[in-house]
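Peer 1: Take a look at this one; I'll ask things after.
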Amino acid sequence: MPPLGPRTLRIAVVDDDEGVRELMRSTLDRVGATVDLYPGAQFFLDRAIFTDYDVIFCDLMLPGLSGIDLLFEVRGKAPSVPFVIISGQAAVSDAIEAMKAGATDFLVKPFRIQSLLDIVKRLTQDTASRTVSGIWRREKEQNFAIGNSTVWKSVLEKAKRVAELSSTVLIRGETGTGKEVVAKYIASFGPRAGKPFVTLNCAAIPDDLIESELFGHVRGAFSGATNARRGLFEEAEGGTLLLDEVGSMPMAAQAKVLRALEEFQIRRVGDNRSVAVDVRIIASTNLDIEAAVRGQTFRDDLYYRLAVVTLWVPALRAREEDKLVLADHFLRMFSKPSQYPRRLSAEAKDLILHDPFPGNIRELKHAIEQACALSAREELVAEDFPLLLARADAASDADVETGGDGPRTVTQERLQEALVRTGGNRVEAARQLRISRSTLYRLLRKTLPEPPRDHSK
């Protein structure tokens, strides 16, 4: 069987039999699939994002939660993901019942290799739209629609409505919030979906080269221009051009961009002929663009032309409920293929939840990447995030006193009493002291070299 498609399919195998898991992995590896192995249903629930997978294979008879239990869980959150029940000969009738309950197919053990491959091939062919447009679907889920917060969903809803229009869009927000992600989301819908998406970081190009980058040049237009070259306006023909950090664009280039927006024509550097272009312009900035207009470093007419529709991307601190969802996504992104996806300890989760992340999503991503690169543990702990710990320590110094008798004081005696009273249960101790778990953890590190523990277990 040839490779299954132009991209790597991702398949989950949930089976308590290591031999079956490894057989399926080695078989599907040979046809270009990426296979994640899980020894049980609960293990899968604790670590997996259902929509990450193109097909889920699950043994019917598992210790603890059964294959049927997992089927109901998956169907409740990812009804379109193919779910294949694996069963022994004696349980074929149960497998049929599983089909009635929502399973897509079943595979009887011991199975032939070809039977396994046939099921995968059939499912990926039957869902041709998932296979062909699956790249977009998966990218939207992984890069766009990550997060359940109301503010983030509101941004995506507005972006999807804007995608159907031809209006220019100005996306605003702090650095690292995902402005380019929103721009790509807009470009993935509407009449320009699937067309070129071209990005120029206006802050990264020298002033004397930005016009050539945008509009191209003819041979001999300037020293070093040995060949004619198309600019990004032409490269994006029919699609979308993102002017990232547009507030940094030099004034001379701003005038030519304005002309291109108004006349739908550009002129290459050194040429006296105009070229018609059909491009949708999206711009983004983290600057106070109104202040730039007042300071006469940004043209007011270009500002009004770009800001026909303005979208504000919220900072991560305004998306508290999305932090752990994003962290889990990055854990999967940076886990090695041979590993189970990393996970966070309760203290690491608390640390992430209470950090302000001034660098927003980009900073969270880099923190997870560093922790995955440097830690050998499957479960990442608070110490794997030194920058976050240092920031939390500084915050706790300001927020919580250790000593004295003020209303915000958490003394060493109170810490000891709370831990003894709760049998060493740090979560409950933090609740009783009315402080976060990460604050309790930091205070323990500072004041109790050997905190009391529950030794009854």
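The values are calculated or read from the model by the stated rules, or taken from the named source; none is laboratory data. This is a predicted model, so every value here is computed, not measured. Because the Cβ atoms are built from the backbone with ideal geometry, glycine has one as well, and the counts that use them run over all protein chains shown.
Peer 1: Can you name the residue in the stretch 267-281 that is within 36 Å of the chain's Cα centre (by Cα) and in a strand (DSSP E or B) and, of all such residues, is farthest from Val308 (Cα to Cα)?
Peer 2: So the residue we want is Arg280.
Peer 1: A follow-up question, please. Keeping to the stretch 37-52, report how many residues are out of contact with any helix residue (DSSP H, G or I) (no Cβ under 8 Å at 6 or more places or on another chain) and modelled with pLDDT of 85 or more.
Peer 2: Residues meeting the conditions: 3.
Peer 1: Can you say whether Ala373 is of a type in the set (Gly, Ala, Ser) and either assigned to a loop (DSSP other than H, G, I, E, B) or surrounded by fewer than 20 Cβ atoms within 10 Å (Cβ to Cβ) (or both), as far as the supplied structure shows?
Peer 2: When the stated conditions are applied, Ala373 passes them.
Peer 1: For the stretch 26-62: of the residues being among the aromatic types (Phe, Trp, Tyr) and out of contact with any Lys or Arg (no Cβ under 9 Å at 6 or more places or on another chain), which is nearest to Met333 (Cα to Cα)?
Peer 2: Applying the filter and picking the extreme gives Phe44.
Peer 1: A further question on this structure: So, in the stretch 285-311, of the ones that are of a type in the set (Ser, Thr, Tyr) and not in a helix (DSSP H, G or I), which residue ends up surrounded by the fewest Cβ atoms within 10 Å (Cβ to Cβ)?
Peer 2: Per the criteria, the residue is Thr310.
Peer 1: Quick check on my filter: what residues within the stretch 249-268 are under 18 Å from Val218 (Cα atoms) and polar (S, T, N, Q)?
Peer 2: Gln265
Peer 1: Test each condition in (1) at pLDDT 90 or above; (2) farther than 24 Å from Leu316 by Cβ; (3) buried (at least 19 other Cβ atoms within 10 Å of the Cβ) for Asp278 and report the one that comes out false.
Peer 2: Tallying (1) at pLDDT 90 or above; (2) farther than 24 Å from Leu316 by Cβ; (3) buried (at least 19 other Cβ atoms within 10 Å of the Cβ), Asp278 fails exactly one: (3).
Peer 1: Identify all residues within the stretch 242-260 that are of a type in the set (A, V, I, L, M, F, W, C) and under 26 Å from the mean Cα position of the chain (by Cα); write none if there are none.
Peer 2: Once the filter is applied, which keeps residues that are of a type in the set (A, V, I, L, M, F, W, C) and under 26 Å from the mean Cα position of the chain (by Cα), the stretch 242-260 yields Leu242, Leu243, Val246.
Peer 1: Given the conditions (1) surrounded by 15 or more Cβ atoms within 10 Å (Cβ to Cβ); (2) in a helix (DSSP H, G or I); (3) modelled with pLDDT under 75, and given that Pro451 satisfies all but one, which numbered condition is not satisfied?
Peer 2: Failed condition: (2).
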